[in-house]
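Enquirer: For reference, the structure I am asking about is given below.
The values are calculated or read from the model by the stated rules, or taken from the named source; none is laboratory data. Because the structure is predicted, anything quoted here is derived from the model rather than measured. In this analysis, Cβ positions are derived from the backbone assuming ideal geometry, glycine residues included, and neighbour counts consider all displayed protein chains. The accessibility values were calculated without ligands, DNA or RNA, using every heavy atom of the protein model including side chains. Shrake-Rupley method; radii C 1.70, N 1.55, O 1.52, S 1.80 Å.
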Amino acid sequence: SVEVTRPVFVISGARSGSTTMGHTLDHDLSFVSPTGIMTIFPFLWAWKAARCLSKWGLLPTASHASRKLRELARWHAPEFVSRHELDPFKPDTFEVPFLLNRGFFATAYDLGPEQMLANNPVSDRGSDPLLWADFDRYIEDMMKKTLCFHGSSSARVMIKGHFLAAAEGLESRHSAATFLTVTREPEKRLASMMNFVFASRLVTGTVTAVVPDKKSVLDVGEAVTRLEVDYIERERRFFARNKGGRKVVIEFGEYVKNPSKAIDDIYKIVNEGSVPEEVRDALARGKDGHERRSKMKYTINMSLAEFGVDIDKIKG
């Protein structure tokens, strides 16, 4: 049987920079990860069939398909792509396809803040215990299938997402696991997430106008604020309970200013201080950085005040 040893879980709040972090760590050749496309089609036989068909020239290579999909996305959903590193052949937010397949996120944003909260169960396991019991089985199966697909018993699985509700269970089942979170100033993360809600809805066509109505904006402001305040508190408690010394907290701003130091800090825990050359090379080439984001001009870019959020009150 396949055994999962010393997995790495990048679990942090939405819009914290965790996708960039996951893409950086993905350069580590000792890690294997389920990619975005693998989580959409979570079947080992399908992964193997696609790999064979690609080798035989009957399917495009991953790099070619990724480039074409990004081109299509930039045409169809430029606002979404400007806010998210879209690459279906790299690790992405692990739990999203799992929740989408169970009906989450589909219509909640039109039904008020209470329904939005009910449809975003990423931090509170008690909100739906059967859902998270199913997720526990799903993530364990996906890790084993990923190891089987790559044919390496010595590889370490790395998964990134916002599935904080599953973290304690993962910690109890995998005592040698490493948990990493990326934190960010609350006001920047909240504003980014609220605007991202509308940017992502443009992809699915569930909004009828680029400029949302005031009620929708205020509803999203209330729901995201309540959701994220709860998430931050639960995240703080989990990472404070550092039972085995295998929890790492990286501040997003520090990572952007000095990514090499942040990676050094991560690998002190993840791999006893040894940073793989392929990871250092990726940083040196400027891959997976956030420099370009500061130059973006977003079409949807509302302030916290427009969302009805008093950040000073939240911090207090």
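Enquirer: Yes or no: residue 12 touching a Leu at 6+ places or on another chain (Cβ under 9 Å), closer than 16 Å to residue 170 by Cβ, modelled with pLDDT of 95 or more and small (Gly, Ala, Ser)?
Expert: Here the answer is no, as residue 12 does not meet what is asked.
Enquirer: Restricting the first residue to segment 65-78 and requiring it to be over 18 Å from residue 51 (Cβ atoms), which pairs with a second residue that is aromatic (Phe, Trp, Tyr) meet a Cβ separation below 9 Å and a spacing of at least six or different chains?
Expert: 73/80
Enquirer: Right, next: Working only within segment 235-278, note down all residues that are surrounded by 17 or more Cβ atoms within 10 Å (Cβ to Cβ), among the basic types (Lys, Arg) and at pLDDT below 90.
Expert: Across segment 235-278, the qualifying residue is only 246.
Enquirer: Please count how many residues of segment 28-71 are assigned to a loop (DSSP other than H, G, I, E, B) and either surrounded by fewer than 13 Cβ atoms within 10 Å (Cβ to Cβ) or of a type in the set (Phe, Trp, Tyr) (or both).
Expert: Residues that pass the stated criteria total 7.
Enquirer: Any idea which residue in segment 173-188 is surrounded by the fewest Cβ atoms within 10 Å (Cβ to Cβ), counting only those that are hydrophobic (A, V, I, L, M, F, W, C) and more than 15 Å from the chain's Cα centre (by Cα)?
Expert: The residue in question is 176.
Enquirer: Okay, moving on. Search segment 133-155 for residues being surrounded by fewer than 18 Cβ atoms within 10 Å (Cβ to Cβ) and closer than 24 Å to residue 236 by Cα, and hand back the single one that is modelled with the highest pLDDT.
Expert: So the residue we want is 136.
Enquirer: Output yes when any residue across segment 156-172 is in a loop (DSSP other than H, G, I, E, B), open to solvent by less than 20 Å² (accessible area, probe 1.4 Å) and either within 26 Å of residue 249 (Cα to Cα) or polar (S, T, N, Q) (or both), and no when none is.
Expert: Yes, that holds for at least one residue.
Enquirer: For the subset of segment 87-132 comprising residues that are of a type in the set (Lys, Arg) and not in a helix (DSSP H, G or I), which member is modelled with the lowest pLDDT?
Expert: Going through the qualifying residues, I end up with 102.
Enquirer: On to the next question. Report yes if residue 82 is touching a strand residue (DSSP E or B) at 6+ places or on another chain (Cβ under 7 Å) and closer than 30 Å to residue 235 by Cβ, otherwise no.
Expert: no
Enquirer: For segment 132-146, give me each residue that is of a type in the set (A, V, I, L, M) and within 14 Å of residue 169 (Cβ to Cβ).
Expert: 133, 139, 143
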